[in-house]
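To keep things clear, I will list the structure first and then write my remarks on it.
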Amino acid sequence: MVAHPDDCELLCAGTLARARRDGAAVAFCVMCKGDKGQPSTPIPDLAAVRRGEAAAAAKLLGAELLTGDFPDGELADTTEMRRKLIAIYRQFKPTLVIAHSAADYHPDHRAAGALAEAASWFCASGGYMPEHPPLQSQPGLWWMDTINMSGFEPGFFVDVSEFVDLKHQMLNCHKSQLARWQDRDFSPLENVMKTQYSARGAQAGVAAAEAFQNHSVWKRMRAW
Ligand SMILES: [Zn+2]
């Protein structure tokens, strides 16, 4: 569960690809429309373009695309947004949610993380939105690495060495964002992603890795 259409690729796509290969049903839940990330030559109806880019990336992985359709820069832990995400969780029925860390740089990322934590708890509460049947139990919750790894102490790593090419193919679907590489307030995404999976891989003793923390609170921990 991420804020923007290209966040999965940067932070967790390799792990999702491993889960998919092992037989899991996987979905990307993207909360914001991506409507404000314009390149220097503006793209008409950018939200629709970015939705198409995210759908193409999800298809490469074999994932379902679920969307919150909220405007960029306006995500917050509100009752309205919780209710929308709870309905999404009750539709897809995840056993594990992967969400942005509270230490991440972008306000939408931090809001998405807070929403994921609340909604993945209340989605199993029968008294909350009784018009949708609740999940049998709360899904597990993992916090993702932060963009550029700032302020994030990994709890564990997932070896994604086999899925590096797929991560690049998926990122390459996001042409409207890759077009921003020369913008003053933007960083070349391929470099950001490669630096991160390589550094986390070096820490874990493999070619490429993604880092996570388990949300280790009562009723959210799992015995495997
Ligand atoms: Zn983002």
Lysine pairs within the chain, Cα separation less than 16 Å, 8 or more sequence positions apart or different chains: 8
Residues whose placed amide H lies under 5 Å from that of A124, excluding near-sequence neighbours: L135
Interchain or long-range residues, amide H under 5 Å from L141's placed H: V97, H215
Footprinting exposure proxy for F92, F70, F152 (fewest neighbouring C-beta atoms within 10 Å first): F92, F152, F70
Neighbour-count order for V49, V160, V26, fewest beta carbons within 10 angstrom listed first: V49, V26, V160
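Report the local net charge at L135: Lys and Arg +1, Asp and Glu -1, summed over other residues whose C-beta lies under 11 Å from its C-beta. Working shown, then result.
Working: positive: R90, K93; negative: none.
Counting the neighbours of L135, the net charge comes to +2.
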Global form of the range 1-103, assessed from the alpha-carbon gyration tensor, a/c cut-off 1.5: oblate
Cα gyration tensor shape for the range 65-116, rounded if a/c is under 1.5, else prolate or oblate: oblate
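Let a ≥ b ≥ c be the square roots of the eigenvalues of the Cα gyration tensor of the chain; is it rounded (a/c under 1.5), or, if not, prolate (a/b larger than b/c) or oblate?
oblate
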Table column - 3J(HN,Hα) (Hz), the range 35-41, Karplus curve with 6.51, -1.76, 1.60, x for Gly and Pro: 7, 10, x, 7, x, 4, 9
Counted charge near A17, where neighbours are those whose Cβ lies closer than 13 Å (Asp, Glu -1; Lys, Arg +1): -1
Calculated [θ] (222 nm, deg cm²/dmol) that DSSP helices of n ≥ 4 give over the chain, each run adding -39,500 (n - 2.57): -12000 deg cm²/dmol
Footprinting exposure proxy for C123, C173, C29 (fewest neighbouring C-beta atoms within 10 Å first): C173, C29, C123
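Relative contact order for the chain: what is it in percent, counting Cα pairs under 8 Å that are at least 6 residues apart?
Relative contact order for the chain comes out at 24 percent.
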Charge context of G151, other residues only, Cβ under 14 angstrom, K/R +1, D/E -1: -2
Residue-wise HN-Hα coupling along the range 76-90, computed from phi with Karplus coefficients 6.51, -1.76, 1.60 (Hz; x: Gly, Pro): 7, 7, 10, 4, 4, 6, 4, 4, 5, 6, 4, 4, 5, 5, 6
Distant-in-sequence amide H partners of E64 (H built 1.01 Å from N, under 5 Å): V26, A27, F28
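Any read-out appearing in this document is the output of simple, stated calculations on the displayed coordinates, not a laboratory observation. Because the structure is a prediction, the values reported are computed rather than measured. Glycine gets a Cβ as well: all are built from the backbone with ideal geometry, and neighbour counts include every protein chain shown.
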